[in-house]
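The next block holds one structure in the form of structure tokens; read it before the comments.
Since every read-out is calculated from the coordinates, none of them should be taken as a lab result. Just so we're clear, the structure is a prediction, and the values are computed from it rather than from any experiment. For neighbour counting, all protein chains shown are included, and Cβ atoms are generated from backbone atoms with ideal geometry for every residue, glycine included.
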Amino acid sequence: MAKPGILIKNAALFTGEDQSSAKELRWLASDEDRAQWADIGFGDPPEELCATSEVFDAEGMLLTPALVDCHTHLIYGGNRAAEFEKRLEGASYEEILQQGGGIHSTVKMTAEASDEELVEGAMERAQQLRKQGVSLIEVKTGYGLTVERERRLLHVLREFDESLGRHCRNTPDQVPVGVRRTLLLHTIPLEQRNDRTRFVQQLCEELIPEAASEGLAHAVDVFCEVGAFTLEEAELILEAGARNGLALKAHAEQITPT
């Protein structure tokens, strides 16, 4: 048995097997990222483990498997804090959207930010997730809208993924974080609303195949909703994703039953 580096005692162990799976864990010996020995009872660990390990008292803490965040939007510029006041005054998201807010304001601020600023902002958000025990995150694009801007965000997302990987390797004492990259097609850009068919064709014949062939994305996600993509358009987009070997996701019925 490899010599463990740390002995954790008095933690509540949660395995996720069922709602009542939290158990009192008296001791757990860990060799870096792998548990080597555990005792759910109240016995003391072997003397050789105590001699080679740092003891950490986790009284009042919960020991769990690392967390997975399967839906994040880390790549964006600016913020929409000013819209909270409108929401508190009773304005709906649809009303804010019609006034140029919502996703449209984020698209504008994202376009104005540099690639370096977008990567830096995403890194800061990822570090907050990492500190909270998240070890795998799905990160979506979606704030570009046009083919050109979404292509840019895919490259920014890959740069972020690589930067995060380098950071995790340089800080091995923290939780390592993996990234799954998703091309999110949010809605039809305002400037292309008069030629929806052509835009969807560009997505299916240009952007999605490029995202797959260049390894920029693992999945494609489409927003099927009133004011975004219709059911028929969403089906075409998902079929293109399937043809190109991407995993399929959908934002659906968030606001209305479509």
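Relative to the longest principal axis of the Cα atoms of the chain, the long axis of helix 231-243 lies at roughly 60 degrees.
Sorting the segments 49-56, 146-153, 99-106 by their mean number of nearby beta carbons within 10 angstrom, highest to lowest, gives 146-153, 99-106, 49-56. Near Arg158: Cβ cut-off under 10 Å, other residues only, Lys/Arg at +1 and Asp/Glu at -1. The net charge is -3. At a Cα cut-off below 12 Å, give the aspartates and glutamates reachable from Lys131, other chains included and same-chain residues fewer than 8 away excluded. By straight Cα distance, Lys131 reaches Asp173.
Quotient of the Cα radius of gyration of the chain and 2.2 N^0.38 Å, N being its number of residues: 1.27. All other residues whose Cβ lies under 12 angstrom from that of Cys204 are scored, Lys and Arg at +1 and Asp and Glu at -1, for a net of -4. When both bridge partners sit in the chain, DSSP labels roughly 30% of those beta bridges antiparallel.
Between the helical axis of 103-112 and the longest alpha-carbon principal axis of the chain there is an angle of about 80 degrees. Helix 115-131 and the long axis of the chain differ in direction by around 40°, with both axes built from C-alpha atoms. Using the Cβ atoms and a cut-off under 13 Å, what net charge is assigned to the surroundings of Gly78, where Lys and Arg are +1 and Asp and Glu are -1? After counting each charged neighbour, the total is -1. Between Gln132 and Leu190, the C-beta separation translates, for a Förster distance of 51 Å, into a calculated FRET efficiency of about 0.90. For the stretch 121-252, the fraction of C-alpha pairs more than 26 angstrom apart is 27%.
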